[in-house]
């Protein structure tokens, strides 16, 4: 007999319309808790099957002191997958031995990036492990791989989170780790509030070497039209990414007939039909606004940014803001909310920072909303900044040059490689200590 959870899942996905309507009539808090339970149950079963097909990892004991085992989503085409690939590239540049253990089954993203295929391993060889895995999945990773996979290793978490407080539901994941690498000060502050274990700021590399040619004509946008681009993953949450504010600011900034356009680039809209309908309603009746929902290769996505004239992100919160940084690296002026992770690299000198006020995150807008706040960007201010970017050529050119200079000077793979070398070997002048990869448990404080 199927369990209650399995029955609810079947009703949620494939039941008649009347049953789905009955489910939607349940209190929101109950539906949220039930959905989380159903998702966790289904994911655990899927992962158990997936791990079973891999077989048990080969665990080397004692572990090799010099080197790193990266655990995460090496093939996944989304932020955490890209972060793992960036760390791998920096390790390679630093000549630090490493292997990659694929745990992509916890990711909903497309698994199409094969750049690390030659590094994939079923072994657990090295004394240092870096987990580029979502913190919500860490307990599951530990349960499925088993305690022996973690034993005698220095365990480092490279995590992203977009709200100011670390969720209480994830505190068990903190206990599994020895150290945390935060890609921004925003995330570092969040982690330091939740743990007294070491939290270190890792410089995140941003490079855009692979850029395809993207013709505006593919979207029906003339070459003499000033093109704003906003882009986000539907899996990241439409409330957090807040395209409604970008659309409204665009409409307030430019009258009908002006040679301006806005492209809203999304991905995985097929999994978020309600949000797609909402986005279509926001843009209805304005031929200047195009919604493009498609999975693009990295080169094509960079090509789309390169084909635009400016990038806009009126987000409510970002852990880092990689697309903002990539747009800056391509020399595009950016109009962005002046809050959260992007403030590590967007300043009043290199970006148009939009004013905001902090507001509570409401139930249903984002996971673990209770007690959290995020930004409500000032749409009128954003409209004025967007207008200036279009009309003031000198301002736009200066902003573009400063944006690119910021990313090139502070976010290269060489900088990350030097940081990794110093951190992994414990020779950083700012934090002198014994190399932790070979340290005994008593020395790991």
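The values are calculated or read from the model by the stated rules, or taken from the named source; none is laboratory data. The model shown is predicted, which means the values in this text are computed figures rather than measured ones. Reconstructed Cβ throughout: ideal geometry from the backbone, glycine too, with neighbour counts over all protein chains shown.
Brief remarks follow.
- Every residue from the range 63-78 that is surrounded by 20 or more Cβ atoms within 10 Å (Cβ to Cβ) and either under 12 Å from the mean Cα position of the chain (by Cα) or over 12 Å from residue 133 (Cα atoms) (or both): 63, 68, 69, 75, 76, 77
- Residue in the range 106-129 that is under 20 Å from the mean Cα position of the chain (by Cα), assigned to a helix (DSSP H, G or I), crowded, with 19+ Cβ neighbours inside 10 Å and at pLDDT below 90 present: yes
- Selection status of residue 170, in contact with a helix residue (DSSP H, G or I) (Cβ under 6 Å, 6 or more places away or on another chain) and closer than 24 Å to residue 91 by Cα: no
- Hey, residue 165 in a helix (DSSP H, G or I) and in contact (Cβ under 8 Å) with a residue 24 or more places away in the chain or not: no
- Members of the range 178-189 found to be more than 16 Å from the chain's Cα centre (by Cα) and within 30 Å of residue 332 (Cα to Cα), listed by number: 189
- Pairs with Cβ under 7 Å, 6+ apart, first in the range 413-435 and under 19 Å from residue 64 (Cβ atoms), second in a loop (DSSP other than H, G, I, E, B) and at pLDDT below 50: 424/435; 425/435; 426/433; 426/434; 426/435
- If the condition is being without any contact (Cβ under 8 Å) to a residue 40 or more places away in the chain, exposed (fewer than 14 other Cβ atoms within 10 Å of the Cβ) and assigned to a loop (DSSP other than H, G, I, E, B), then the range 178-224 contributes 196, 209, 222, 223, 224.
- When the range 370-399 is limited to residues that are in a loop (DSSP other than H, G, I, E, B) and free of Cβ contacts under 8 Å to residues at least 40 places away in the same chain, the one that is farthest from the chain's Cα centre (by Cα) turns out to be 392.
- Pick from the range 301-314, criterion in contact with a helix residue (DSSP H, G or I) (Cβ under 7 Å, 6 or more places away or on another chain) and farther than 18 Å from residue 82 by Cβ, ranking: surrounded by the fewest Cβ atoms within 10 Å (Cβ to Cβ): 307
- Some residue of the range 247-266 being touching a residue at least 60 places away in the same chain (Cβ under 8 Å), crowded, with 17+ Cβ neighbours inside 10 Å and under 20 Å from the mean Cα position of the chain (by Cα): no
- Filter result for residue 285 (surrounded by fewer than 20 Cβ atoms within 10 Å (Cβ to Cβ) and under 30 Å from residue 201 (Cα atoms)): no
- Some residue of the range 95-103 being in a loop (DSSP other than H, G, I, E, B), surrounded by 20 or more Cβ atoms within 10 Å (Cβ to Cβ), modelled with pLDDT under 90 and not assigned by TED's automatic domain parsing to the domain that holds residue 324: yes
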